[in-house]
Amino acid sequence: MDENMWRNREHIEEILFLLEKSHWPRTLQQKATPEDASTAAVLEDLEAILRQTLNTLEQFQLKNADNVFNTVMTYMPQDFRGSLIRQQKERSERNRKAEVDALIKSGATIHDRYALLWKQQMERRRQLAQLGSAAGVFKTLVKYLVGVPQVLLDFIKQINDDEGPMEEQRSRYGPSLYSLTKMVVLIHLVLLLSWSRFDGRKLPKNQLSVIQQAVQVYTSEFEKFLKFISEVFANSPFLISAEEAGAVESRKNDEYKEIVILPGKTHEVNLTVDSVNSYIAWDFSLIQGTLSQDIGFRVEYVSTSGEVTMILPYRRYESDQGNFCTILAGSYKLVWDNSYSTFFKKSLRYKVDAIPPVSETTEPVAESE
């Protein structure tokens, strides 16, 4: 079904390319006769209708992808580990967009662009599956996902399998989508043949009428299908959040420490990083009931000679969650500072970690469906 969505999108764009005025047959561009002017008006209407459908399809794909990822993320620890996975996803998407932009600038065809887009879609699937199997791009991070239900990891590993949870959706709703795919392919083919013959033989009114009716039927039915399938996905029992599944509370105390920092004192945690491009990450907050609702925090790098370099400057927080990618191996010091306080102790709840580099190496995947 996913592949057919992309095929519909590709053929709609191919048709829109033909419907742009600059790509009309030369005699039609000149609108030499009233008949040509009438034909041009019909084509402009068809372009507007198809562009609206293309926009609806693009929004459907974006929303659906975000829904799946965000649902999965509700099961992840809501600390720096989940944040790192989101950052990894955002970085991957930026890299994919840059790859597509470079291909467009090179003068590639619409078909070439969609071949790349489909390849990228398969990469997204593979990365999601790797999160479940602790391999590839998320291999290191999954090691740190303590508290994630195994049933979720199994689900995201198997979501696109032939016998996985999407198979019923494919068998039930796939045929209707495949019929729409065949219809848009035929519209594209008829229009392409008409353009190649237009200068020698103008488009008959009855043929133009058939194309017009076909586009209207196709776009209407396709948008109905997208609306229907959106509701199906939104109500699918296997796409429920952790909150709905009652799986949130079990993670709240996962690996957190609690400490009381007396007035005028600090609390330090030292983390050793063995290689560059590791992550130093933290998540902390003051426990409710603390009278003074902030605490100083800073991060330092300490060289082997004892020289201190400020990484994150001192600032006072009620809570914070963050991380940074290291450019030097060695020792990093995280300091919570209550030295400015004369009377108030601070009850701090925190978690910190040094996470090794995340590899972006992926293995080939068979392109199915």
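Annotations for the structure displayed:
- Residue tally, condition surrounded by fewer than 16 Cβ atoms within 10 Å (Cβ to Cβ), in a strand (DSSP E or B) and at pLDDT below 90, over the range 329-353: 0
- Residue in the range 285-306 that is outside any helix (DSSP H, G or I), modelled with pLDDT under 90, of a type in the set (A, V, I, L, M, F, W, C) and under 20 Å from Phe80 (Cα atoms) present: yes
- Taken across the range 112-135, residues that are outside any helix (DSSP H, G or I), modelled with pLDDT under 80, among the hydrophobic types (A, V, I, L, M, F, W, C) and surrounded by fewer than 13 Cβ atoms within 10 Å (Cβ to Cβ) do not occur at all.
- Selection within the range 261-286 - of a type outside the set (Gly, Ala, Ser) and more than 34 Å from the chain's Cα centre (by Cα): Ile261, Leu262, Pro263, Lys265, Thr266, His267, Glu268, Val269, Asn270
- Subset of the range 270-291 that is surrounded by 17 or more Cβ atoms within 10 Å (Cβ to Cβ) and not hydroxyl-bearing (Ser, Thr, Tyr) - its residue that is farthest from Gly306 (Cα to Cα): Leu286
- Against the test of being part of a helix (DSSP H, G or I), among the hydrophobic types (A, V, I, L, M, F, W, C) and under 19 Å from Tyr114 (Cβ atoms), the options Leu84, Leu28, Leu43, Leu50 yield a single qualifying residue, Leu50.
Here is a yes/no grid of residues against (1) assigned to a loop (DSSP other than H, G, I, E, B); (2) modelled with pLDDT of 90 or more; (3) touching a Gly at 6+ places or on another chain (Cβ under 7 Å); (4) farther than 24 Å from Phe69 by Cα:
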{"residue": "Leu177", "(1), (2), (3), (4)": "no, yes, no, no"}
{"residue": "Val185", "(1), (2), (3), (4)": "no, yes, no, yes"}
{"residue": "His188", "(1), (2), (3), (4)": "no, yes, no, yes"}
{"residue": "Leu208", "(1), (2), (3), (4)": "no, no, no, yes"}
{"residue": "Tyr218", "(1), (2), (3), (4)": "no, yes, no, yes"}
{"residue": "Glu221", "(1), (2), (3), (4)": "no, yes, no, yes"}
{"residue": "Lys224", "(1), (2), (3), (4)": "no, yes, no, yes"}
{"residue": "Ser236", "(1), (2), (3), (4)": "yes, no, no, no"}
{"residue": "Glu244", "(1), (2), (3), (4)": "no, no, no, no"}
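- Residues within the range 1-58 that are of a type in the set (D, E, K, R), over 23 Å from the mean Cα position of the chain (by Cα) and buried (at least 17 other Cβ atoms within 10 Å of the Cβ), tallied: 3
- Pick from the range 307-324, criterion farther than 16 Å from Leu348 by Cβ and surrounded by 15 or more Cβ atoms within 10 Å (Cβ to Cβ), ranking: modelled with the lowest pLDDT: Asn323
The values are calculated or read from the model by the stated rules, or taken from the named source; none is laboratory data. Being a predicted model, the structure only gives us computed values, none of them experimental. Cβ atoms come from the backbone with ideal geometry, glycine included; neighbour counts cover every protein chain shown.
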